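Have a look at the structure below before the remarks.
The values are calculated or read from the model by the stated rules, or taken from the named source; none is laboratory data. It should be emphasised that the depicted structure is a prediction, and the values quoted were computed from it without experimental measurement. Cβ placement follows ideal geometry from the backbone for every residue including glycine, while neighbour counts extend to all protein chains displayed. Keep in mind that these areas ignore ligands, DNA and RNA; they rest on the heavy atoms of the full protein, side chains included. Shrake-Rupley method; radii C 1.70, N 1.55, O 1.52, S 1.80 Å.
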Amino acid sequence: MSKKLTLGLLLAFAAPVLFAVEIDTALLNTAKKVQYIEDKTSVSRRFYNTDKQIRDMGRTLGKSIQYQEQILKNPNPYEDGTPSYKYMALRIYSSNDKAGADIIYIGKSANVTTSGCLFRIISGYIEKAYDIPMKQADIIAEKVCWWNNNHYEDKNYFVTNFNSKVLDAFSDRTSVIGLAASWKYWPGRTRIIIPFVLFQKENSSVREPVQAGKADTKSRQSINQTNQTKESVKENMPQNYKILFGILLASAVLLVILLINVIMSIHKNKR
């Protein structure tokens, strides 16, 4: 019983560290603004949704993903958007050398025809999945959509820079990756990627190919900068990860204490 309790407590403390993610806002800041082709027809009252109702579509997805990650400790958080199945979400964690991402699939029955509505849905998701204030989520959501259009159907880009599971997500529903400029191609043919920071590397962005003549110079520069890089890792570590690292250390101490108690209990029983 003590061993099971020890393992359970260790997993409970370590899970937030193992599964913690952060949106790569630095990467999103490189996105170029997009001019979308939107549906200009008026919406009937039957299909009209308020600003809150639209945001809540994304919030429902975000809440589910966060609940599965933090409470259920699900290694593959997934939300199928029941009962309407208009929007679905899946979280893919980073691998050792490639970034993970959240993937939002826009279903065939989704009636999203303007960029404003799309921004609000994505913002609602970000707001609840990452506990980010709505105004900040709005800014990130807009850049997420721009970035996804900038890399629309650029499968080589995603294969090179992201966990292979990102491209596999919802591939049984559509082969399209990214966001088209025209609303006509959104329902049933859209997978929006929200990129994660890859903490194993300082620079998770795409590196430009090194020209042959510059290879040796870049190698020497890399060696000279190694010590500086190691010293600056702690300073550049996000504050929330410092907290999570502290939790991991605390869980390790707790594990040692519990193991000592178990050993002492075994010796008493032998006596």
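Points to keep in mind about this one:
- Any chance residue 106 is in contact (Cβ under 8 Å) with a residue 40 or more places away in the chain and either open to solvent by 10 Å² or more (accessible area, probe 1.4 Å) or under 16 Å from the mean Cα position of the chain (by Cα) (or both): no
- Residue, nearest to residue 101 (Cα to Cα), within the stretch 170-197, restricted to residues that are in contact with a Lys or Arg (Cβ under 7 Å, 6 or more places away or on another chain) and in contact (Cβ under 8 Å) with a residue 40 or more places away in the chain: 170
- If you go through the stretch 95-105 and keep only what is within 22 Å of residue 67 (Cβ to Cβ) and either at pLDDT below 95 or of a type in the set (Val, Ile, Thr) (or both), you end up with 103, 104.
- Single condition residue 179 does not satisfy, out of (1) among the aliphatic types (A, V, I, L, M); (2) closer than 30 Å to residue 106 by Cα; (3) at pLDDT below 65; (4) surrounded by 14 or more Cβ atoms within 10 Å (Cβ to Cβ): (3)
- Set 66, 35: member being open to solvent by 30 Å² or more (accessible area, probe 1.4 Å), modelled with pLDDT of 95 or more and either more than 28 Å from residue 143 (Cβ to Cβ) or part of a loop (DSSP other than H, G, I, E, B) (or both): 35
- Members of the stretch 74-105 found to be more than 17 Å from residue 189 (Cα to Cα) and acidic (Asp, Glu), listed by number: 79, 97
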